[in-house]
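Nothing in this text is a laboratory measurement; each read-out follows from the coordinates by a stated rule. It should be emphasised that the depicted structure is a prediction, and the values quoted were computed from it without experimental measurement. Counting neighbours? That spans all protein chains shown, and the Cβs are built from the backbone with ideal geometry, glycine included.
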Amino acid sequence: MRVLRVPASREGRSQAGFRASSICARGARATKLARHVAPAAAVVADTDDAPSTSAPSAPRPAGAAALAAASAAMLGSLPVPLSFEHRAGVRDAAGRVMLKNLPLPELEEWCASVGEPPKRAKQLYRWLYGNRKWIRNLDQADSDASAFSGAFKAKVASGASLAGGLQLQSVHTARDGTRKLVFALVGDWEGGDGPAGSARGTVETVLIPMTNRQGQNLRYTACLSTQVGCAMNCQFCYTGRMGLLGNLSTAQIVEQVVEARRYLAEQEVQIPIANIVFMGMGEPLHNYDAVMSAIEILATGLELSRNKIIVSTVGLVPEMRRFIASGRAKLAVSLHATTDEVRDWIVPTNRRYPLDQLLGALREAFPYGKRKGDDFVVIEYVLLAGVNDTLADAERLLALTSDIYCLVNLIVFNPHDGTQFKRSSDDDVRAFRAVFLAAGRPCTVRASKGDDEMAACGQLGDVNLSPRPAPMLRPPEALAARLAAGAGAALQA
């Protein structure tokens, strides 16, 4: 047996080595593997026992055939690294790639890794997310001219999955037409930050009807969840009382919209889901990577306008800066207080990122009078009786946001079991808003929808499912005394 060394010239490289370079073109790790495979495939055993007079630089055809076969066998046994492997939740417990976790560029990369062209990724993307397709398995496309080949089905079956990680469990319809969809988390696979919480419990999605002045329902806004529970412990929020049980994966976030569209189609409801708000269970920027990938799929796969996607945060400043710089969707900030003393209590994240840091970042990103177009931030402010709803609070909020290009959105508090807060009176809400209108500043009041089915803002989740509910915090002494003397709210020390 003779050993031949193939030169490093372009002609001398094996077709398998070239294929390795093509397959592994994406990502630094992939490129590194391609460089490693070609030299390794250059040393092979020539099975021709007859003496050879040919130079090492010109191997005989039989040797070249053996080279190609050995290289192909090597490629078939080596795992092809993917540039997104570092992201948690990409694979399930069996090691299969969860394809619904992948935006289109990453889906194209996976297709390339199994020898499929980019057009296959686009074809799959259309069947997963295209209007009235939403397939759960590839066989559902068989009746169409653009059906998948048996070879591609085999590749998916051997190393990938189309599971979305959610199963619709129940639907609750409120008097005003708001629909709350409760999903069970299913599947033996990892979620956004590993296995904890990803395959147990439930998450909730709300379809909010958006009506015109004549009361006609023109479209739905889908309020999406990003976590099971929430770690932020906002004192007025029922979800916050659960604590954090786990992050959702990209697939589990997107699947909420896919399943909601499928449900409406089955109910023969012709009203589209046109707006997306990340204001359900969880803090979106606390699950940053999964949410950003989900936004890409929502915009490119489900064809939702980025201008109609809003991500709400309590103010995780570093992640918020990254999000603003990405320009992928609109931003809303849950402010809820005008002093650090009060916000430290009702939004504990303020103890890490106080008002000066949070508002400073917004002033840099959304300076009033210096921006073009409609790129503004929404300031969310829940009104709590005797806590943050005084005229003095309104004047401070007006001053704090005077140099920020923003819309102030007032939220009526929605009560829940065990709450320590009360809803502000209609007169107090109108008086608070009047301060902004008198100054010529835009200020809206968010209508409370779905509260009779625990589907309104701040009512999602189930504290009874949490093994360790978040603690109720002690209010500031001055505020507690004032509330005890005048507001009558049953605050818990």
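Once both labels are positioned 7 Å from their Cα atoms along Cα-to-Cβ, the gap between Glu85 and Leu437 label points is 6.0 nm. Dipole of the stretch 97-161 computed with +1 at Lys/Arg Cβ and -1 at Asp/Glu Cβ about the Cα centre; of Trp127, Ser149, Leu102, farthest Cα towards the positive end is Trp127.
Give the distance, in whole Å, between the Cα centre of the stretch 280-326 and the Cα centre of the stretch 439-459. Result: 21 Å between the Cα centres. Bin width 10 Å, alpha-carbon pairs only: give the P(r) of the stretch 148-293 as whole percents, running from 0 to the bin holding the largest distance. P(r) over the stretch 148-293, rounded to whole percents: 11, 37, 31, 16, 4, 0. For the pair Ser149 and Arg363 in one chain, pulling the backbone fully straight at 0.36 nm per residue adds 71.7 nm over the alpha carbon distance.
Note on Lys155: lysines with a C-alpha under 19 Å away, same-chain residues under 8 apart excluded, are Lys100, Lys119, Lys122. Residues Glu380, Glu319, Glu266 in ascending order of nearby Cβ atoms (within 10 Å, fewest first): Glu266, Glu319, Glu380. Sorted on the mean count of surrounding Cβ atoms within 10 Å across their residues, most packed first, peptides 401-411, 283-293, 133-143, 170-180 read 283-293, 401-411, 170-180, 133-143. Note on Phe421, Phe376: ascending count of other Cβ atoms within 10 Å places them as Phe376, Phe421, the fewest first. Whole-percent P(r), the stretch 166-487, all Cα pairs, 10 Å bins from 0: 6, 27, 37, 24, 7, 0. On a straight-distance basis, which aspartates and glutamates could pair with Lys153 in a cross-link, Cα separation under 18 angstrom, same-chain partners fewer than 8 positions away excluded? List returned: Glu108, Glu109, Glu116, Asp139, Asp142, Asp144. With a Förster radius of 25 Å applied to the beta-carbon distance between Leu391 and Ala484, the computed FRET efficiency rounds to 0.75.
Near Ala160, the amide H atoms lying under 5 Å from its own belong to Val97; only residues 5 or more places off or on other chains count, and H is placed 1.01 Å from N. Note on Ser326 and Asp356: their simple-model spin labels are 3.0 nm apart, each label 7 Å out from Cα toward Cβ. Shown for Met320, Met242: other C-beta atoms within 10 Å of each C-beta, ranked fewest to most, produce the order Met320, Met242.
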